[in-house]
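Accompanying notes for the structure given below.
Quick note: the coordinates plus some simple rules give every number you see, no bench work behind them. Remember, it's a predicted structure, so these values are computed and weren't measured experimentally. Cβ coordinates were reconstructed from backbone atoms using ideal geometry, including for glycine residues, and neighbour counts include every protein chain displayed.
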Amino acid sequence: MRDGVYAFFFTANWHMIQLETDYFQRGFAQSPFEHFWSLSVEEQFYLIVPCLFLITVYMHGLKIGKLKLSWFRRIYILMSSVVISSFVYSVFLVSVSPTSAYFSSLTRAWEIGMGGLLSLFLRRHKFSVQKWAWNLISIFGFVAITIASIFFNANTRFPGLNALVPVLSVMAIITAGSVHQANLVSKFLSQKVFTAIGRISYSLYLWYLPILVYGRPYFPNKNQLLPRELFLCGVIFIAGF
């Protein structure tokens, strides 16, 4: 019940730090609200950063030497400062306190901030790269994400330096898709089955952990692991729709 209250106010990640929660622990009771930690990080970012944007945009007359900074450059500086400071702190904290580093908004802000920087960059810059290069860039991003999904595990220090793999890979796919929408990965991910999953991805995320936490105990037989996971996966998709 306490976990639910923290999740409701989007502070679940700080609650997990207080409890010293190991997100990948095995053999321990898991909270059905544990996955709300990432939503908490997002909402905190979405609440604070727009306020910083407004303050930065209306800082008229800001100068560095004789150079008067436009509102767009000020936003660039703001986002770059958030990304750099958060990333440096992430690399430091992951070696000192892995649990705090995993759940902290301060160590995760740079991951979302990189997307913000990319959107600003794509808004003002044009590319003259050949189509084959965008295909290569998108494929590289897709392969790197797949490798991280397979080989990153509970023993991988994260976020820190390892988080660069999925973050830069996603940026590569987004950039390629924004500039050259006909690249191979964009075509592949535009298939109806993937866009259908994408449309319900948020609700799938909300439902998946409660269903797994409360559903798995009904299948204690180890020989039923595959049927159990397939059945629960079906239940998650039904709930997601």
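Data for the structure
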quantity	calculated
Cα shape, the stretch 87-224, gyration tensor, a/c 1.5 rule	oblate
Label selected from (1) 1, 5, 11, 15, 16, 15, 11, 9, 6, 5, 3, 2, 1, 0; (2) 1, 7, 14, 19, 21, 17, 12, 6, 2, 0, 0; (3) 1, 6, 10, 13, 16, 16, 15, 11, 6, 3, 2, 1, 0, 0, 0, the criterion being P(r) over Cα pairs in 5 Å bins from 0, in percent as computed here	(3)
Residue-wise HN-Hα coupling along the stretch 17-22, computed from phi with Karplus coefficients 6.51, -1.76, 1.60 (Hz; x: Gly, Pro)	5, 4, 7, 6, 6, 9
Förster radius 22 Å - calculated FRET efficiency between S203 and F53, Cβ distance, rounded to 0.05	0.15
F237-W132 FRET efficiency (beta carbon distance; Förster radius 41 Å; 0.05 resolution)	0.65
Inter-probe distance in nm under a simple model that places probes 7 Å from Cα toward Cβ, at S149 and L39	2.2
Residue-wise HN-Hα coupling along the stretch 199-210, computed from phi with Karplus coefficients 6.51, -1.76, 1.60 (Hz; x: Gly, Pro)	5, 10, 4, 5, 5, 4, 5, 5, 8, 4, 6, x
